[in-house]
Amino acid sequence: MKNYYTITAFTENTPGVLYRIADLFLRRKINIESLTVSEVKNEDQSRFTIVVFAQADMVEKITKQLYRIIEVVKVIDSVDTDLVAREIALLKVSANKMEQRKEIEHLVSITPFTRIIEVKKNFLILEKTGTEKDINDFYDLMKPFGIKEFVQSGRIAVFR
Amino acid sequence: MKKLTGSQAVIESLLHEHVSVIFGYPGGAIMPIYDALYDYVKSKKIRHILVRHEQGAGHAAEGWGRVTGEPGVVFATSGPGATNLVTALADAMMDTVPIVCITGQVHSSVIGTDAFQEADVIGITAPVTKWSYQITQAQEIPFIFKKAFHIARTGRPGPVLIDITKDAQFAPFDFEYPSEIKLKSYNPTTQPHMKQIELAASLINNSKKPLILAGHGIHISHAHTELFDLASKADIPVALTLHGLSSFPNDHRLYAGFLGMHGNYAPNILSNEADVVIAVGMRFDDRVTGRVKDFLPNAKVIHIDIDPAELNKIIHAEVPIVADAKPALQALLQHVKKQTHNQWIEQFKAARDIEKTKIWDVECNPTKGPIKMAEAVSRISEAIKGKALVVADVGQHQMVAARYFKFKLPNSFHSSGGMGTMGYGLPTAMGVQVAKPDQTVISISGDGGFQMNIQELGTIAQEKMPIKIVILNNGFLGMVRQWQQLFFDKRYSMVHMESPDFVAVAKAYGINGMKVEVRKDLDLGIKNMLESKGPYILEISVEQEDNVFPMVASGASVSEIRLE
Ligand SMILES: Cc1ncc(C[n+]2csc(CCOP(=O)(O)OP(=O)(O)O)c2C)c(N)n1
């Protein structure tokens, strides 16, 4: 059965690692749902957070194959319950009329981890952080107003 | 500390790694390195062998790497020089062979601008290298070389590529070679976990029908004695993969034979009866397993490999052991009990006898008709008493060489297993010969594959490498023809090949040779070849539509092995 897995790989911070990691997923035909690369503070390392939708045994195999990449220091694969994970989304929502604007402001104020970051004549730019589900729910909530643009980050996660 | 240019530093680094031979081909982007090389070659500090095609250099380095365990070294220029290496890199990656390729690259200021002879070599070769790195500053050379050789030769060995921009080759800097290396992210496990060893030993001690499947890892880890001792103590039959051939004495009562698609009847038909399998230094290639879901249905598998990614990749391992083969087998030996499995071993003998009468005797000793491939190989094997290093190309003759040559020297069969690279044989034999000048080196090719790197005859002639070159000429791309005969209604599509007079070609290069067309000349031809001082070509016309049997059809279970 397929499931969502978060693979966290700590690697040396050198060029070419991303290429090799991406190639491995490509060869195994595993689609990467999201990928975030960040620097590990005070260590010359990168942290790759890779979300995939795959079979458990495939995740285990690919985790071991990741270790074949010389620069890979440590790999941890986890299911969602092992992690606290967040993503961030930016939404550009139409707001031509005063009532709409009021309503959006109200919804934003009662939805946790959500805020208005810019107010323009015809639209508002909103920021939403949360899990993928929180973001999807908020997207649906805003949809009736007309979403002009939407962008969502990859996942970042820490272990419980 | 001494002041050196990047190019001098490259050669000095190689000397620090005890490199004595480079296989290479010069060109624009690697000219500064070749200029530095000039002095070192003149003072005989290092030898350079000018190949005729970079692929040849790559395979020659593989030959060197396979027989010495030390990385074979290649020089090539940027762009086409580097792309010509790709096949050899892929081959070395699949077959776990240590090589270090050094390629020139355009000046760092023009990288990414589609400069003349620029290719993204790091990008192109990433999937087929264990590690690669682009040097753009001379100061990086000592550490990167140290790291490259360390990575190529340790753990699961493999190919490494270093790309060096032209400006880095020119730049002067203070050279100092690191004496030690410690990498944070790469520390292969070599010692087995004792808990796992105990588990494995208890499985072995309680088994009725144990079987060892041994592969390339035995050679790489020099574990021949350990394999022999373990098998002898616990009385376990030993079956070998293609790359495992010559790791266990083939005339021993415990020798079960050669595994796989064209392997021996006994290990294929009996592996499915085994109750415990000890797989060591092998990776369950599909040519070995046949239909995976029906492979080893009754066995608990103990899998020993230095690469954790191989464990549970194809076959579930009851007891996975991440370790170098040698210490793992040593540890197992301590824990297994002395046993006998006479009945089980008798079964192998019975199966071997079936193969002997049905195939071996027929193939090796025909009295009429054209010469058979098996006959030629076994005559050569007898003439040299199995004491030669054999390099086979890819095709029917490869399987025939693997099956009928009676190897008497450890690590004496070299062939492209994982990649199945036609054209591999002749250049690989060069590397083997240069590394082992005191041994007889026999290269066996088909008429097709021989022409894929035939140009290396030039290198062999120039360097006076006394390689004994055998061409089994059947006028076909034989292995493909065999499949067309068996699985495509004998529709021989594009497999007939006309070839030049190979002996005349050899003569043009100044290499002696003889063509054998009839049985009565076979022994004379072999004698002439083995007695010749220099390189020699023996072209043998063999039965055109000869087939290699036994055979496990692709997708079939190994127990469905066909004898005809
Ligand atoms: C580079 C490459 N191209 C194609 C193949 C496919 N192939 C495998 S065996 C074979 C035939 C080899 O013919 P030949 O060298 O004459 O040897 P024979 O099988 O006749 O002994 C071919 C074409 C291959 N293995 N490698």
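Since every read-out is calculated from the coordinates, none of them should be taken as a lab result. All values derive from a computational prediction rather than experimental measurement. Note that each Cβ is placed from the backbone with ideal geometry, even for glycine, and that neighbours are counted across all protein chains shown.
Within the set B:349/B:387; B:184/B:436; B:44/B:408, which residue pairs have Cα atoms separated by over 32 Å? Kindly include the intermediate steps, with their values, before the conclusion.
Numbers: B:349/B:387 25 Å; B:184/B:436 36 Å; B:44/B:408 34 Å.
Those over the limit are B:184/B:436; B:44/B:408.
Can you tally the net charge around residue B:530? Count Lys and Arg as +1, Asp and Glu as -1, for every other residue whose Cβ sits under 12 Å from the Cβ of residue B:530.
On the way: positive: B:379, B:385, B:387, B:468, B:527, B:533; negative: B:382, B:523, B:531.
Around residue B:530, the surrounding residues sum to +3.
Hey, with R₀ at 60 Å, roughly what FRET efficiency would residue B:111 and residue B:489 work out to, going by the Cβ-Cβ distance, to 0.05? All intermediate terms of the calculation are to be shown ahead of the outcome.
Values: r = 53 Å, r/R0 = 0.88.
After rounding, the FRET efficiency stands at 0.70.
So for the pair residue A:79, residue B:312, with labels modelled 7 Å out along Cα→Cβ, what separation do we get in nm?
1.5
Considering only DSSP beta bridges where both residues belong to segment B:2-175, give the percentage that are antiparallel (nearest 5).
Details: 4 of 28 bridges.
Approximately 15 percent, going by the DSSP bridge assignments.
Please list, by residue number, everything in segment B:202-242 whose backbone N is under 18 Å from a paramagnetic label point 7 Å out along Cα→Cβ of residue B:342.
B:208-210, B:232-237
Arrange the following residues from fewest to most other Cβ atoms within 10 Å of their Cβ: A:86, B:253. Before the final figure, lay out each step's value.
Details: A:86 17, B:253 13.
Ascending Cβ contact count within 10 Å gives the list B:253, A:86.
For the protein assembly as shown, what does -39500 (n - 2.57) per DSSP helix run (n ≥ 4), summed and divided by total residues, give at 222 nm, in deg cm²/dmol to the nearest 500?
Estimated from H runs of four or more residues: -10000 deg cm²/dmol.
Modelling each spin label as a point 7 Å along the Cα-to-Cβ direction, I'd like the residue B:252/residue B:438 distance in nm, to one decimal.
Those two pseudo-labels are separated by 2.4 nm.
Could you calculate the contour length gain from residue B:382 to residue B:38, that is, 0.36 nm times the residue separation minus the distance between their Cα atoms, to one decimal place in nm?
On the way: separation 344, 0.36 × 344 = 123.84 nm, distance 4.42 nm.
Taking residue B:382 through residue B:38 to full extension adds about 119.4 nm, to one decimal.
Give the Rg/Rh ratio for segment A:73-160, taking Rg as the radius of gyration of the Cα atoms and Rh as the Kirkwood radius, to two decimals. Show your work: numbers first, answer last.
Details: Rg = 15.3 Å, Rh = 14.0 Å.
Ratio value, two decimals: 1.09.
Taking a ≥ b ≥ c as the square roots of the Cα gyration tensor eigenvalues, with a/c under 1.5 meaning rounded and otherwise prolate when a/b beats b/c, else oblate, which class fits segment B:194-348? Before the final figure, lay out the partial values.
Values: a/c = 1.20, a/b = 1.06, b/c = 1.14.
In terms of gyration-tensor shape, rounded.
Lys/Arg Cβ at +1, Asp/Glu Cβ at -1, dipole of segment B:73-176 taken about the Cα centre: which of B:97, B:112, B:141 is farthest positive-ward?
In segment B:73-176, that residue is B:97.
With only Lys, Arg, Asp and Glu charged, each at its Cβ (+1 for the first two, -1 for the last two), find how big the charge dipole of segment A:2-78 is about the Cα centre; round to the nearest 20 debye. Don't skip to the answer; put the middle values down first.
Working: 11 positive and 10 negative charges, 66 e Å.
The dipole magnitude comes to about 320 debye.
Classify segment B:237-322 as rounded, prolate or oblate, taking a ≥ b ≥ c as the square roots of the eigenvalues of its Cα gyration tensor: rounded when a/c is under 1.5, otherwise prolate if a/b is larger than b/c and oblate if not.
Prolate shape, in that a/c is at least 1.5 and a/b is the bigger ratio.
Could you check the spin-label model distance between residue A:14 and residue B:232? Points 7 Å from the Cα along Cα→Cβ, value in nm.
Result for the modelled spin labels: 4.4 nm.
Give the total of Lys-Lys pairs in segment A:2-78 with Cα-Cα distances below 22 Å; include a pair only if its members are 8 or more places apart or on different chains. Don't jump to the answer; show the numbers that get you there.
On the way: A:2/A:29; A:2/A:61; A:2/A:64; A:29/A:61; A:29/A:64; A:41/A:74; A:61/A:74; A:64/A:74.
Summing the qualifying lysine pairs gives 8.
In straight Cα distance, which aspartates and glutamates are under 14 Å from residue B:468, not counting same-chain residues fewer than 8 positions off?
Qualifying aspartates and glutamates at Cα under 14 Å: B:393, B:438, B:456, B:531, B:539.
Taking the Cβ of each residue in B:14, A:26 as the centre, tally the other Cβ atoms inside 10 Å and list the residues starting with the fewest. Please list the in-between numbers first.
Details: B:14 24, A:26 12.
Lowest count first: A:26, B:14.
Taking every alpha carbon pair in segment B:480-564, what does the distance histogram look like in 10 angstrom bins from 0, in percent?
Pairs per bin, as whole percents: 15, 31, 26, 22, 7.
Would you grab the residues whose amide H sits under 5 Å from the one on residue B:21? Only those 5+ places off in sequence or on another chain, please, with H modelled 1.01 Å from N.
Excluding prolines and chain starts, which carry no amide H, the hits are B:47.
Would you check segment B:280-338 for Lys pairs whose C-alpha atoms are within less than 21 Å, ignoring same-chain pairs closer than 8 in sequence, and give me the count?
6
When a/c is below 1.5 the answer is rounded, else prolate if a/b is larger than b/c, else oblate, so apply that to chain A with a ≥ b ≥ c taken from the square roots of the Cα gyration tensor eigenvalues. All intermediate terms of the calculation are to be shown ahead of the outcome.
Working: a/c = 2.70, a/b = 2.28, b/c = 1.18.
Since a/c reaches 1.5 and a/b is larger than b/c, the shape of chain A is classed as prolate.
Where is the GNM fluctuation largest for chain A (alpha-carbon springs, 10 angstrom cutoff): A:70, A:88, A:62?
A:70
With a 10 Å Cβ neighbour count serving as the proxy for reagent exposure, in which order, fewest first, do B:360, B:483, B:131, B:64 appear?
On the way: B:360 19, B:483 15, B:131 23, B:64 30.
Sorted ascending by nearby Cβ count, the order is B:483, B:360, B:131, B:64.
Run down the lysines and flag those whose C-alpha is under 17 Å from the C-alpha of residue A:128, throwing out any fewer than 8 positions away in its chain.
Partners within reach: A:92, A:143, A:148.
Charges only on Cβ, +1 for Lys and Arg, -1 for Asp and Glu: so what's the dipole of the protein assembly as shown about the Cα centre, in debye to the nearest 20?
680
Which part of segment B:463-480 falls in the paramagnetic zone of residue B:499, meaning amide N under 16 Å from the point 7 Å along Cα-to-beta-carbon?
Answer for segment B:463-480: B:468-480.
Determine the gain in length on full extension of the stretch residue B:120-residue B:356; use 0.36 nm per residue of separation and subtract their C-alpha separation, reporting nm with one decimal.
79.7 nm
With θ taken as phi - 60° and the coefficients 6.51, -1.76 and 1.60, list the Karplus ³J(HN,Hα) couplings across segment B:351-358 in order, rounded to whole Hz; mark glycine and proline as x.
These are the phi-based 3J(HN,Hα) values: 5, 5, 5, 4, 4, 4, 6, 6 Hz.
Starting from the Cα-Cα distance between residue B:181 and residue B:461, subtract it from 0.36 nm times their residue separation and give me the gain in nm to one decimal.
96.8 nm
So which residue, out of A:127, A:43, A:71, gets the largest mean-square fluctuation from a GNM of chain A using Cα contacts under 10 Å as springs?
Its mean-square fluctuation being the largest, the pick is A:43.
Report the calculated FRET efficiency for residue B:222 and residue A:131 (r = Cβ-Cβ distance, R0 = 41 Å), to the nearest 0.05. Could the numbers behind the result be given before it?
Values: r = 53 Å, r/R0 = 1.30.
FRET efficiency, residue B:222 to residue A:131: 0.15.
Can you give the alpha-carbon Rg of the protein assembly as shown over 2.2 N^0.38 Å, where N counts its residues?
Details: Rg = 29.5 Å, N = 724, 2.2 N^0.38 = 26.9 Å.
Compactness ratio reported: 1.10.
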